[in-house]
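The values are calculated or read from the model by the stated rules, or taken from the named source; none is laboratory data. Being a predicted model, the structure only gives us computed values, none of them experimental. No Cβ is skipped: glycine too gets one built from the backbone with ideal geometry, and neighbour counts run over all protein chains shown. Remember, those area values only see protein heavy atoms, side chains included, never the ligands or the DNA or RNA. Shrake-Rupley method; radii C 1.70, N 1.55, O 1.52, S 1.80 Å.
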Amino acid sequence: MTTVSQTNIPAEDSDKEAINWWAELRGLTLMLLAVLAFHSFVAKPFYIPSTSMMPTLYVGDRLVVSKYPYGWSWASASFHVLPRGDWRILGSTPEYGDIVIPVHPTRDEDYIKRVVALPGDTIEVREGRIILNGEPVKREVVPPVRIPFEPELLCNGSPCLDSYNAYRIREPDGSIWFEPPTYRETLPNGASYLVIDHRSQGLDNYGPYMVEQDEVFVMGDNRDESADSRAPAEARGLGDGIPLENIGGRAEFITFSLDGSATWNPLSWFSAMRGDRAWTTLRPAVAEENTAE
């Protein structure tokens, strides 16, 4: 009679090791902390949800914000988990024309605006024109920017570009564009960029306001659709000068951009991609001549 030894039958789990769930959790936690540290100290991706910085930034743009150019403060931390304070580490001051990420004075909300006045400057806005230290900032009319008609692009449930309907045109090939009034501004250091200004509104007149030594003054490039330093904090604006410790970084470049047709289905992203916007720098061009008008 043939017998079979128990040692000849390997156990089903003999070659398997039990999963160490604590080790797995520790690894995931360390990875999450590493990502948060990178986003807080080096760079973080951002998404543009409004038209306040058009024509420089479109709704749907994804961009990279560097965290180190002006040092680190409570505003640098991802999700603003640190308590507010007036401290900074290795702090420095933005330059004219930089696109920065200020945090709202009372709410933990990130904004994105352009620096138009530095510490010690006196800024005034009259009929939409910036007057810096008593001199109008150079501003010239340029051909209108061409913004594509994207009816599916929504801001707070409404089409983002409804305010430009008066400037809608149709090309012979059937394509539809907006061509709002466009200007080129040049700041004292030669930083030059485009702005849209198409109607009279309350924020067209402001100041004069003297920027404190630990502040900068910021405005959106879309002058009629931006709640910025000109608007009070209770009206969702930034309430005059921005303390330097409230700036969480500097916008560097666009990584990719999706129009309003994109959905949660990744397959829709290919047709929604605005290919011409990828890798566009967000550092302002420097004009050769920067004399005021």
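Looking at Val141, Cys155, Ser175, which one has the Cα that reaches farthest to the positive end of the dipole of the range 121-181 (charges on Cβ: Lys, Arg +1; Asp, Glu -1)?
Val141
Could you let me know the centre-to-centre spacing of the range 170-194 and the range 63-107, using Cα atoms, in angstrom?
Cα centroid of the range 170-194 versus Cα centroid of the range 63-107: 29 Å apart.
Quick one: which of 183-190, 138-145 comes out on top by average Cβ neighbours within 10 Å, and what's the full order, highest first?
Packing order, densest peptide first, comes out as 183-190, 138-145.
Which residues in the range 30-67 have a backbone N closer than 15 Å to a point placed 7 Å from the Cα of Trp177 along the Cα-to-Cβ line?
Within reach of a label on Trp177, which here means backbone N under 15 Å from a point 7 Å along Cα→Cβ, the range 30-67 contributes 55.
Averaging sequence separations of C-alpha pairs under 8 Å and six or more residues apart, then dividing by the length of the chain, give the relative contact order as a whole percent.
Once normalised by length, the contact order is 23 percent.
Please state the shape class of the range 24-77: rounded when a/c is under 1.5, otherwise prolate if a/b exceeds b/c and oblate if not, all from the C-alpha gyration tensor.
Oblate, since a/c reaches 1.5 and b/c is not below a/b.
Taking R0 as 41 Å, what FRET efficiency do you get between Ala23 and Leu82 from their Cβ-Cβ distance, rounded to the nearest 0.05?
It comes out at approximately 0.90.
If packing is taken as the average number of other Cβ atoms within 10 Å across a peptide's residues, how do 51-58, 68-75 rank, most packed first?
51-58, 68-75
So what is the relative contact order of the range 93-218, in percent, for Cα pairs below 8 Å that sit 6 or more residues apart?
33
Using the heavy atoms of the protein chains alone and a 1.4 angstrom probe, what is the accessible area of the range 94-177 per residue in square angstrom?
It amounts to 49 Å² per residue over the range 94-177.
Leaving out ligands and nucleic acids, and using a 1.4 Å probe, what accessible area per residue does the range 213-293 come to in Å²?
So the range 213-293 comes to 50 Å² accessible per residue, rounded to a whole number.
Taking all protein chains as present, what is the carbon and sulfur share of the accessible area of the range 105-162, in % to the nearest whole number, probe 1.4 Å?
The computed percentage sits at 50.
Would you mind checking the tilt of helix 21-41 against the longest principal axis of the Cα atoms of the chain, expressed as 0 to 90 degrees and rounded to 10?
20
Which of the following values of Rg and Dmax of the Cα atoms in Å was calculated from the structure shown: (1) 19.2, 68; (2) 20.1, 64; (3) 25.2, 111?
Checking each listed value against the structure points to (3).
Between the range 138-168 and the range 203-276, how many Å separate their Cα centres?
Using only Cα atoms to place each centre, the spacing works out to 16 Å.
What is the count of Lys pairs in the chain whose alpha carbons sit under 26 Å apart, if the two are 8 or more places apart or on different chains?
For the chain, the number of qualifying lysine pairs is 4.
On a full-extension model of 0.36 nm per residue, what is the gain between Arg146 and Asn205, subtracting their alpha-carbon distance, rounded to one decimal in nm?
The span from Arg146 to Asn205 would gain 18.5 nm if fully extended.
In the range 150-173, which residues have a backbone nitrogen under 11 Å from the label point lying 7 Å from Leu267's Cα in the Cα-to-Cβ direction?
Output list for this probe position: empty.
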